[in-house]
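The values are calculated or read from the model by the stated rules, or taken from the named source; none is laboratory data. All values reported here derive from a predicted model rather than from experimental measurement. Cβ: placed from backbone, ideal geometry, glycine included. Neighbour counts: every protein chain shown. Accessible surface is based on the protein model in full, side chains and every heavy atom, while ligands, DNA and RNA are left aside. Shrake-Rupley method; radii C 1.70, N 1.55, O 1.52, S 1.80 Å.
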Amino acid sequence: MTERTFSILKPDATERNLTGAINAVIEKAGLRIVAQKRIKMSRADAEQFYGVHKERPFFGELVETMTSAPVVVQVLEGDGAIAKYREIMGATNPAQAADGTIRKLYAKSIGENSVHGSDAPETAKAEIAQFFPDAEIVG
Ligand code: CMP
């Protein structure tokens, strides 16, 4: 089933000029980048986006990291896009990520793990809507 997922290329990736390298992995996996923009995430954006983690001990560090440098936000489209992107991202902790995954290839640590991808259809919908009006998504 064709679906859409939301992706972030995080500050550790943009700072190391890895946008193109990561996009190549995404496209090679058959996912289509149907929306993309480079932004500086505001504190309010980051706090809203990661609201589900508000009570976690790493929340403050997470918000600091995500607002420390530009990010690239994206909408990816394809067959089973949510699961497929999670598969090619690899485990949240790069030390546990499988060979060939984006996090195994590029991530520095669990907090600077290069990419984010939605975990379910409802979160994908909400995350896409936070950053992209419908008119900016061109499939
Ligand atoms: P992400 O997929 O963007 O979703 C939540 C993020 O919180 C996660 O990637 C990690 O970057 C970060 N995170 C999760 N666990 C920890 C942790 N123990 N310490 C620091 N950051 C974490």
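Selection of segment 101-123 for residues being assigned to a helix (DSSP H, G or I), under 21 Å from V63 (Cβ atoms) and open to solvent by less than 20 Å² (accessible area, probe 1.4 Å) yields only R103. For segment 77-100, the candidate set comprises residues that are in a loop (DSSP other than H, G, I, E, B) and without any contact (Cβ under 8 Å) to a residue 60 or more places away in the chain; within that set, the residue that is surrounded by the most Cβ atoms within 10 Å (Cβ to Cβ) is G90. Name every residue in segment 32-66 that is open to solvent by less than 50 Å² (accessible area, probe 1.4 Å) and touching a strand residue (DSSP E or B) at 6+ places or on another chain (Cβ under 7 Å), in order of residue number. Hits for segment 32-66 are I33, V34, A35, I39, M41.
Here is a yes/no grid of residues against (1) in contact with a Pro (Cβ under 9 Å, 6 or more places away or on another chain); (2) modelled with pLDDT under 95; (3) closer than 15 Å to E112 by Cα:
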site: T2; (1), (2), (3): no, no, no
site: T14; (1), (2), (3): yes, no, yes
site: I22; (1), (2), (3): no, no, yes
site: I26; (1), (2), (3): no, no, no
site: K37; (1), (2), (3): no, no, no
site: D45; (1), (2), (3): no, no, no
site: G60; (1), (2), (3): no, no, yes
site: S68; (1), (2), (3): yes, no, yes
site: V72; (1), (2), (3): no, no, yes
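Filtered by the rule that a residue be touching a residue at least 40 places away in the same chain (Cβ under 8 Å) and polar (S, T, N, Q), segment 1-42 gives T2, T5, S7, T14, T19.
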